[in-house]
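Remarks on the structure that follows.
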Amino acid sequence: GENVEQHPSTLSVQEGDSAVIKCTYSDSASNYFPWYKQELGKRPQLIIDIRSNVGEKKDQRIAVTLNKTAKHFSLHITETQPEDSAVYFCAASRSSGGYNKLIFGAGTRLAVHP
Amino acid sequence: SQTIHQWPATLVQPVGSPLSLECTVEGTSNPNLYWYRQAAGRGLQLLFYSVGIGQISSEVPQNLSASRPQDRQFILSSKKLLLSDSGFYLCAWSSGDRRNEQFFGPGTRLTVL
């Protein structure tokens, strides 16, 4: 079945450094790739997404890249700040009628140290 | 703007007791609705999804059930809770031309003792 693998499971960086989280998906028909940020005890929040017709997307300090040939996509956070500390989930989906099932990665716990 | 509500926020229930969690969405019509469970420190497991009133699809076999009695209401139930049902239950919605994008509710933290 469909699968999304996410690495690393934990990531520790110093404030100001960059952080990169990578995901690989198995379903070649996937065409939508969101990233969620979940702070402790809170709901996952959609922070950025990319569709298969685009190779890169940026929003201030965060960016996502997509390599459809290799079936992997990555989240890049530059100039990390302590408030970036959270668990990040990647996901992949493809349109199927009126329903779009998101397949989530296992998550990456990012710690940004002052 | 759209908002999603879940209640209760926290719940402590004994093993074998029934369960009813409610999710409602405002500001949109005919949304897709989803129930996820998140075990402590783990990822998101899709339990049920619904594309319309009375239409429920189950992703994993378990002792939970879901119902959608109204367009913007989604209910998660159990007749008899198990210890393994403990977790963080999240409702999500998607709608319109951007049905890929799912937005989560605040969640219900369930502890089964």
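The spread of Cα positions in the range B:18-113, taken along each principal axis and listed from longest to shortest, comes to 41, 27, 21 Å.
What order do B:Tyr34, B:Tyr49 take when sorted by accessible area (1.4 Å probe), most exposed first? Before the final figure, lay out each step's value.
Values: B:Tyr34 0, B:Tyr49 40 Å².
Heavy-atom accessible area, descending, gives B:Tyr49, B:Tyr34.
Label point of B:Lys79 set 7 angstrom out along Cα-Cβ; within the range B:10-24, amide nitrogens under 12 Å from it belong to B:18.
Amide H contacts under 5 Å for A:Leu102: none, restricted to partners 5 or more places along the chain or on a different chain, H placed in the peptide plane at 1.01 Å from N. Given their separation in residues at 0.36 nm each and the Cα-Cα distance between them, A:Gln45 and A:Lys71 gain 7.0 nm when the chain is fully extended.
Taking each residue of B:94-100 in turn, how many C-beta atoms of other protein chains fall within 10 Å of its C-beta, and what is the average?
On the way: counts 5, 0, 0, 0, 3, 7, 13.
The mean count of partner-chain Cβ atoms within 10 Å per residue comes to 4.
In the range A:11-39, which residues have a backbone nitrogen under 20 Å from the label point lying 7 Å from A:Asn53's Cα in the Cα-to-Cβ direction? A:28-35, by backbone N distance to the label point. Here the protein assembly as shown exposes an accessible surface that is 49 percent carbon and sulfur, computed with a 1.4 Å probe and the other protein chains kept in place. Roughly how many Å is it from the Cα centre of the range A:23-100 to that of the range B:20-83, as a whole number? Each part reduced to its Cα centre gives a spacing of 24 Å. Taking all protein chains together and rolling a 1.4 Å probe, B:Thr111 ends up with roughly 50 Å² accessible.
On alpha carbon coordinates alone, what is the Rg over Rh value for the range A:13-114, Rh being the Kirkwood radius? Result: Rg/Rh = 0.98.
Heavy-atom accessible area for B:Thr3, with the other protein chains in place and a 1.4 Å probe, reaches approximately 50 Å². Estimated at the nearest 10 Å², the accessible area of B:Glu59 is 60 Å² with a 1.4 Å probe. Based on protein heavy atoms only, the protein assembly as shown ends up with 48 Å² per residue of surface accessible to a 1.4 Å probe.
Across chain B, C-alpha contacts under 8 Å between residues 6 or more apart give a mean separation that, scaled by the residue count, equals a relative contact order of 36 percent. When all protein chains stay in place and ligands, DNA and RNA are ignored, the 1.4 Å accessible-area order of A:Arg43, B:Arg99, A:Arg109, largest first, is A:Arg109, A:Arg43, B:Arg99.
Any aspartates and glutamates with Cα under 16 Å of the A:Lys37 Cα? List them, leaving off those in the same chain fewer than 8 positions away. Answer for A:Lys37, where 16 Å is the Cα cut-off: A:Asp49, A:Asp59, A:Glu83, A:Asp84, B:Glu101, listed by chain and number. Extension gain, B:Glu22 to B:Ser58: 0.36 nm times the residue separation minus the Cα-Cα distance gives 11.3 nm. Dipole orientation for the protein assembly as shown: of the candidates A:Gly55, B:Phe88, B:Ser20, B:Ser20 has the Cα lying most toward the positive pole (charges on Cβ; Lys, Arg +1; Asp, Glu -1).
With the cut-off at 22 Å, report for the protein assembly as shown the share of all Cα pairs above it, as a whole percent.
Here the tail beyond 22 Å accounts for 53 percent of pairs.
Of the trypsin sites (Lys or Arg not before Pro) found in the range A:1-82, the ones in coil according to DSSP and having at most 16 other Cβ atoms within 10 Å of their Cβ are A:Lys42, A:Arg61, A:Lys68, A:Lys71.
The values are calculated or read from the model by the stated rules, or taken from the named source; none is laboratory data. Since this is a predicted model, take the numbers as computed values, not measurements. Ideal geometry is used to build each Cβ from the backbone, glycine not excepted, and the neighbour counts take in all protein chains shown. Ligands, DNA and RNA are excluded from the accessible area calculation, which covers all protein heavy atoms including side chains. Shrake-Rupley method; radii C 1.70, N 1.55, O 1.52, S 1.80 Å.
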